[in-house]
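Colleague: After the structure tokens below, expect a handful of questions from me.
Just so it is clear, none of the values below were taken in a lab; they were calculated from the coordinates. Given the structure is predicted, the values throughout are model-derived calculations rather than measurements. Counting neighbours? That spans all protein chains shown, and the Cβs are built from the backbone with ideal geometry, glycine included.
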Amino acid sequence: MKYLLVLFFLSLFPINTSLKWEKCIDGLHGDTFNALAIENEDFLAGEFHLGIFYTTDNGSKWKVKNVGLPCCVKSLYINQTIFWGVISDGQIVNSTDKGNHWNVNNIGFSDSTIKITTIAFHENIVFAGTVKNGVLISLDKGNTWKEKNNGIEGKVITSLVYIEDQIFAGTLDGGIFLSKDLGSNWIAKNSGLPCSSIITIFNKDNNIFVSVFNHGIFLSTDLGKSWTAKNNGFGDLSKINIFSFHIIKNDVYVGTIGGGIFKSSDNGDNWENIGLKEYDIISLASNHNFIYAGTNGKGLFKAKY
């Protein structure tokens, strides 16, 4: 009887799961933060129109880091203390001095018209997805590159992830592809996916989450052999798209276009909204008990979790 009464009162006063979000402003300019990267104390935030900002104090104060940056930044990464970025003209840039100087790192491309869309890392190996030129691989931290296209020719690569000596590639026009030989050969892995347009891929302990355009999230627990929809809690999938994933401990966070930020504590079986519902969330990151959310046109926000 007491248990039923507790459930009754909880139904009258539902728990507010939204986090308390605040805007990061001190030294930070612009509104569209489409790229975030954190490693230890290093925190990079890319604002599409104004370049790269850097902080080491949980986003309290920021410094501009644009020397040598040719144009707007699309994505940012930190790997083995080297800062990396993909910029809007499709080139790769990197910095070995904490962002004080950026260098274009496309030496070795056989075709100067190749446009990079995304990059991923495994130790010293760099993988670069392209617009219709497959995947490029560098074994020397980006000094030289080789094309690896067999089976994935002509595809627009939207996302790459490295898992246990295998590379998964999400594409705009062909679904998911897998390579087991460092990109030399690719095979499609689309069983159970409703659409070939992949927005992004994310790995959580060999559980592979993919965001499918206008179809929400699908999960594979068998390295791409099959996919299962995981969309309970998102509502109308025609009005929401998942653009970013992030893992904190055992929880999965996603940023959406059309619905703010959602969290799952049961590997995607159920999702709950935790705030910024009115904003389009295009990047996520975390550090020192704070989660950060980059928005399209509304700035950068943080909340303690």
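Colleague: Answer with a single label: of (1) 0.97; (2) 1.02; (3) 1.18, which was calculated as Cα Rg over 2.2 N^0.38 Å from the structure in view?
Modeller: Among (1) 0.97; (2) 1.02; (3) 1.18, the one calculated here is (2).
Colleague: Once you order the gyration tensor axes a ≥ b ≥ c over the Cα atoms, which shape class does the stretch 202-293 get: rounded for a/c under 1.5, otherwise prolate or oblate by comparing a/b with b/c?
Modeller: oblate
Colleague: Hey, another quick one. Return one number: the angle in degrees, 0 to 90 and rounded to the nearest 10, between the long axis of the Cα atoms of helix 2-12 and the longest principal axis of the Cα atoms of the chain.
Modeller: 60
Colleague: Report the calculated FRET efficiency for Asn206 and Asp42 (r = Cβ-Cβ distance, R0 = 45 Å), to the nearest 0.05.
Modeller: Efficiency computed from Cβ-Cβ geometry: 0.95.
Colleague: Using the charge dipole of the chain (Lys, Arg: +1 at Cβ; Asp, Glu: -1 at Cβ; taken about the Cα centre), state which of Gly51, Ile137, Phe290 has its Cα farthest towards the positive end.
Modeller: Going by the charge dipole, the pick is Phe290.
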